[in-house]
1. Longer than 24 Å from Cα to Cα, which of Lys108/Lys190; Lys108/Lys169; Lys140/Lys169; Lys140/Lys332; Lys114/Lys140 are they? Say none if no pair is.
2. Between Asp364 and Glu149, 0.36 nm times their residue separation minus their Cα-Cα distance comes to what?
3. For Lys104, give me every one of the aspartates and glutamates with a C-alpha distance below 12 angstrom, ignoring sequence neighbours fewer than eight places off in its own chain.
4. Could you work out how far apart the two model spin labels at Thr78 and Arg127 are, taking each label as a point 7 Å from the Cα in the direction of the beta carbon, and quote it in nm?
5. At 7 Å along Cα-to-Cβ for each site, give me the label-to-label distance between Thr268 and Ser378 in nm.
6. So for Trp23, Trp222, fewest C-beta neighbours within 10 Å to most, what's the order?
7. Take the alpha-carbon centre of the range 10-84, take the same for the range 135-188, and report the distance between them in whole Å.
8. Let me know the shape class of the chain, please: from the alpha-carbon gyration tensor, a ≥ b ≥ c as square roots of the eigenvalues, rounded when a/c is under 1.5, otherwise prolate if a/b is greater than b/c, or oblate.
Amino acid sequence: MTLMNNYPPQPVTFVRGEGSRLWDVDGKAYLDFLGGLAVTSLGHAHPAVADAIAEQARTLLHVCNLYGTTVGPEVAETLDRLLGGGGRIFFANSGAEANECAIKLARKWGGPGKYAVVSTYGSFHGRTLATLAATGQPAKHEPFQPLPEGFRHVALGDIDAMDAAVDSKVVAAVLVEPIQGEGGVNVPPKGWLGEVRRLCDERDVLLMLDEVQTGLGRTGEWFGFQHEGVQPDVVTLAKALGNGMPIGACWARAEVADAFVPGDHGTTFGGQPLAAAAARATLAVMEAEDVPARATRAGARLVEGLTARPGVASVRGRGLLLAAELTDKPSKDVAGAALDRGLVINAVTPTAIRLAPSLLVTDDEIDEALSVLQEALSC
Ligand SMILES: Cc1ncc(COP(=O)(O)O)c(C=O)c1O
């Protein structure tokens, strides 16, 4: 095997997808309720996205950021409109790079000495050195010490700890996920994000929201922060933006974005026409289908079905970003048994499974997934 040993052994090899279905090398079909970790929000091989990619590939794949192109700026307009307007966008290629941009922007905006970023324990912000440092999972830090300095962590939902950590002299930004995805689909207490916003306002600190997993309809609103009625200064996106095409974005209020001047930041592939064409088509379908409303409705059906299953203690999350806490079985065993029976989910913590299906998932597919899960829970 010529691949590096950084991922656990992969139990199945997929070769094809369509909508909520995947097929492996042996032709076995699966129902995909993980969506490539909240990436394929319109399902696999969506025809509008596939056509857009094919057409763009025949037109113009790439130039470089020394020159203008037309597709990326169109996507930026759409994202800015969805985010409430008045902002500017930097295109990256992944979630980690979108966050890396946010962290650099915060440092530039803060100026000398005001560079620290406060995030939460249990968070996940990426695997580059800076985003790993922002990630609130000390075990993931250990093998890579020393990490870049200037990162502090507080417990999710603990406003007193946040109050103590946000020292306006050194802290440039707070970086949080509206719902912690990789950390276990952890929803902070109602009102906490608003309190964090208030602290940031009082102390001239940026509120930066990592919406890489929660953004673009997944939680039943276009963005996770809309459930809490707060207005962030910076928002990062990736995963669902290209429906599988690698693209990330960092949005910032114009006055914050103005901290960057030419030469401060960049990336070869960011915003190139191919990835941007996928994002343009993805966003068009998302708006036409009103994916936040679909996620709310489908999520309610999934929560009801999960809650009724013996072996499920509780269900958490919002829209179609859900975790089911299990009563006794290890989540790895349940995810493995589900995979054997043709259902793709993942063990997000040792005791909870995560479900993040396509936002276009049908009622029949939800019912089918629930009955496979029932078998997996009872074997
Ligand atoms: C909230 C959040 N931020 C950042 C990332 C990192 O994104 P990427 O893997 O595209 O670098 C992830 C990935 O799971 C994520 O869930």
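1. Values: Lys108/Lys190 32 Å; Lys108/Lys169 14 Å; Lys140/Lys169 28 Å; Lys140/Lys332 20 Å; Lys114/Lys140 26 Å.
Correct reply: Lys108/Lys190; Lys140/Lys169; Lys114/Lys140.
2. Numbers: separation 215, 0.36 × 215 = 77.40 nm, distance 4.96 nm.
My answer for the length gained is 72.4 nm.
3. Within reach: Asp264.
4. Here the modelled spin labels are 2.8 nm apart.
5. It is 5.5 nm.
6. Working: Trp23 15, Trp222 20.
Listed from fewest to most nearby Cβ atoms, that is Trp23, Trp222.
7. Cα centroid to Cα centroid, the span is 31 Å.
8. The shape class here is oblate.
Computed from the coordinates by the stated procedures, all read-outs in this text should not be read as laboratory data. The structure displayed is predicted, hence computed values, not measured ones. Don't worry about glycine lacking a Cβ; one is built from the backbone with ideal geometry, like all the others, and counts go over all protein chains shown.
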